Each structure stands twice: as structure tokens, then as C-alpha cells.
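Chemist: Attaching a single structure in C-alpha cells format; questions to follow.
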Amino acid sequence: MTRASLPLEFAPRLIEWQRRAGRSGLPWQHTRDPYRVWLSEVMLQQTQVGTVLSYFPRFLERFPDVKALAQALPDDVMAMWSGLGYYSRARNLHRCAQVVMSEHAGVFPETAAVLQTLPGIGASTAAAIAAFCHGERVSILDGNVRRVLSRLLAFEGDLAQAGPQRELWNIAQALLPVAPSPDDMTAYTQGLMDLGATVCQRSRPACAICPVQSLCRAHAAGEVQRFPVKTRRLVRRFERWWLLVLRTPPTSGSARVWLERRPAPGIWAGLYCPPVFAAEDALLGVLPEGLRAAVHALPTVTHSLTHRELHLHPMLLEVPPGSFEPSADHAQWVAADALGGHGLPTPVRLLLASLV
Ligand code: SF4
């Protein structure tokens with residue numbers, strides 16, 4: 001696609017619409033502080049705005065700047081991230097803060113090209129930080145923006161393939177406003193995000209109120225739902241886990257549960273979880289014979305991850321303090337009122353909340 005064939009009215013129209021009708025009250029807007037922009041961008045990857053709204057201020061209160069985050073213990077970072085999911089984001093966030101401190105004297109690099117070299121910062125996140133904080137003329141291209149642009153242009157390339165992805169990125173760059181001020185770049189970048197999140201949504205795009213409807217080729221062809229073209233569909237692997245939920249009786253004070261820190265790499269790496277087994281027999285096999293009959297199966301919990309569907313089978317066993325502990329590294333008894341200070345995967349947090 002040549003530049004001449006692109007709808008060059010797109011950028012000015014998007015900027016005008018964002019200033020008039022886009023989102024303006026989000027707590028990470030109206031700042032050029034890279035720490036805040038970076039944190040919000042990472043939280044917003046794969047997480048709804050409504051959820052991020054409650055996590056963002058809490059995280060900032062606990063780790064107000066990049067230095068505080070770099071110096072934090074990994075367990076404290078995971079605990080503050082607990083419930084947001086996609087925990088590699090939290091591990092990369094922590095590592096990135098440490099690299100900014102050790103290799104960039106505590107100051108985020110200014111350009112998207114250098115920002116991309118930091119842990120966990122991909123091309124789109126780097127572009128968002130550079131555009132919002134320094135007015136760099138560079139385009140974001142996350143999943144929402146890919147959807148908007150592929151509909152706008154009726155882009156036939158298969159976005160499951162690297163070649164068409166690159167082509168769309170070049171188009172995104174060509175669509176940028178001409179000679180923008182830093183404020184223009186902020187409005188344009190925010191406008192792309194707002195259009196994808198609030199108007200050009202995946203299943204029910206609100207074309208009737210879309211500010212770029214008259215430029216949109218998919219809409220003109222009546223083929224909005226055909227875009228983006230993506231041949232490879234996500235296939236989730238089915239996996240079953242048996243969880244040994246050891247609990248002390250709540251007779252004296254609060255009950256305690258036995259939790260292990262999950263190994264890295266792997267699912268829920270760095271988070272705390274009851275011991276996991278691949279089969280019921282394996283779980284029963286670690287118990288002294290006299291305790292096996294006391295194990296009580298709880299209802300199965302289903303939990304979807306990006307590439308897997310987990311079926312969790314919690315097996316509850318009440319044991320008096322000191323009577324039995326599975327041998328394990330990084331494991332401990334945790335009192336019910338201390339669970340909030342531990343990073344717990346959402347299904348585990350919900351399960352334990354119902355038990356202790
Ligand atoms: Fe998306 Fe519809 Fe707007 Fe086209 S007209 S960009 S499909 S909302």
C-alpha cells in the first residue's frame with residue numbers, strides 16, 4: 001500500500017475526536033512521567049481498564065517510583081500484582097526497574113528504539129511511552145489498534161504471519177500525523193487506544209458513531225466482521241492439576257494453610273500455591289498412610305490461561321500443627337490473615353478465601 005492510497009485524513013480526524021470525545025479522566029493520563037505511563041501500559045496489556053483502575057493507585061502507593069520498585073523484594077511485587085494475571089508481566093516489570101536503575105542511572109530512555117531493549121517492553125509499549133512522554137512520532141500497534149487499522153484499510157494480510165504484521169506496522173507509521181506537536185502525539189496515541197477500546201470493538205463495533213466511518217473501507221464494503229484476517233486460532237491445551245490443600249484446624253486463632261512458591265519457569269512462577277500434583281495417586285503418595293482416608297475432595301475449579309485450560313482438583317486435608325509437612329523448598333505455613341501479603345493466583349485466592 002502506498003502512502004498516497006492511505007486515508008491521510010485519519011490522523012487529524014482522530015486527534016480532533018480524541019480531544020472532543022475521547023477518554024480524559026484515567027489516572028495515568030495527563031502525565032509525562034515515564035514510570036507511570038510504563039506501569040499503566042504494562043497493566044493494560046491483557047487486562048480491562050476497570051480492573052487496572054483499582055490496581056494502579058495501590059501499586060503506585062506501594063512503589064512510588066522506579067527506585068522503590070527496583071529495591072522491592074520479588075515476593076512483594078508479586079503480592080501487589082496478585083489477581084491481575086499474566087504474572088510474567090510483574091517479573092519483567094521488576095527486572096526492568098532494576099535495569100533502569102543499574103544501566104540508565106534511574107532514568108527511562110527517551111526513544112522507542114532504546115526503550116524496546118528493556119525487559120518486558122515490546123515495540124508497542126515502547127512507542128506508547130515515547131509518544132506520551134516525549135512526543136516521539138512513532139505508532140503503537142497493540143491488538144486493539146491492529147483491529148482498527150485492518151478494518152479501516154480492509155487489510156487482507158494474515159496477521160498470524162510476520163510479513164503482514166510488519167506491513168501493517170509500516171502502514172501505522174505512514175498514518176501518523178504530519179509534524180505533530182507533543183500534545184498532538186498524545187491525543188493521536190490516546191485516540192487510537194480509545195477508538196479500539198470504546199468504538200471499534202471486536203464483536204460489536206459502534207460504526208454509527210465512529211469518527212472515521214467515512215474513511216473506513218471495511219464498513220463501506222459491509223465486511224467489518226471479516227477483519228482482522230487471522231488464520232491461526234488459539235488452541236488451548238487441557239491440563240488437570242491436583243492441589244493438596246493442607247489446613248490447620250481453626251481452633252486456636254486463625255487457620256493456616258501450607259503454600260509453596262511455584263518454580264520458574266512455568267505457570268504461576270513466583271506465586272504461592274498449595275502443592276501441585278499431576279495425578280491423584282501422586283498426591284496421596286506423599287501422605288502418611290494414616291492420613292489418606294481423611295483427604296476430602298472439593299469441587300473442581302476451571303481456570304483458563306492463554307494457552308491452557310486448567311482443571312484444578314483441590315483435595316483438603318486438615319492436620320494439627322506440626323503433625324505433617326510435605327518436604328519442599330520455598331514452602332511455609334501461612335496464616336489466613338497473612339494471605340493478602342502473598343502473591344496468589346486468582347483461583348487459589350478464591351479457593352482459600354472460602355476455606356480459611
Ligand atoms: Fe471500526 Fe466501524 Fe469505525 Fe470502521 S467504521 S473503524 S469498523 S468502528
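The values are calculated or read from the model by the stated rules, or taken from the named source; none is laboratory data. Keep in mind the model is a prediction, meaning the values are calculated, not measured. Neighbour counts run over all protein chains shown; Cβ positions are idealised from the backbone, glycine included.
Chemist: V276 versus (1) touching a residue at least 40 places away in the same chain (Cβ under 8 Å); (2) out of contact with any Cys (no Cβ under 6 Å at 6 or more places or on another chain); (3) surrounded by 13 or more Cβ atoms within 10 Å (Cβ to Cβ): which is the lone unmet condition?
Modeler: Every listed condition holds for V276 apart from (1).
Chemist: Yes or no: the range 218-233 includes at least one residue that is surrounded by 17 or more Cβ atoms within 10 Å (Cβ to Cβ), at pLDDT 95 or above and among the acidic types (D, E).
Modeler: no
Chemist: Moving on to the next point. What number of residues in the range 110-125 are surrounded by 16 or more Cβ atoms within 10 Å (Cβ to Cβ) and closer than 21 Å to L60 by Cβ?
Modeler: 5
Chemist: A follow-up question, please. Is it true that some residue in the range 128-140 is outside any loop (DSSP other than H, G, I, E, B), within 16 Å of the ligand (Cβ to nearest atom) and in the same structural domain as L14 (by TED's automatic domain parsing)?
Modeler: No, that holds for no residue.
Chemist: Which residues, counting only those in the range 295-351, are in a strand (DSSP E or B) and closer than 25 Å to T251 by Cα?
Modeler: H296, A297, P314, M315, L316, L317, E318, A331, Q332, W333, V334, A335
Chemist: Identify the residue in the range 24-74 that is basic (K, R) and in a helix (DSSP H, G or I) and, among all such residues, is nearest to G196 (Cα to Cα).
Modeler: R36
Chemist: Out of (1) outside any helix (DSSP H, G or I); (2) within 16 Å of the ligand (Cβ to nearest atom), what's the single condition that is false for A172?
Modeler: It is condition (1) that A172 fails.
Chemist: Report whether or not G120 is touching a Cys at 6+ places or on another chain (Cβ under 9 Å), assigned by TED's automatic domain parsing to the domain that holds P34 and over 24 Å from L8 (Cβ atoms).
Modeler: yes
Chemist: While we're looking at this one, here's another question. Please find, among E325, E318, E309, the residue that is under 26 Å from the mean Cα position of the chain (by Cα) and either in the same structural domain as Y87 (by TED's automatic domain parsing) or over 12 Å from Y272 (Cβ atoms) (or both).
Modeler: E309
Chemist: So which residues in the range 182-200 are near the ligand (Cβ under 8 Å from one of its atoms) and without any contact (Cβ under 8 Å) to a residue 60 or more places away in the chain?
Modeler: Across the range 182-200, the qualifying residues are V199, C200.
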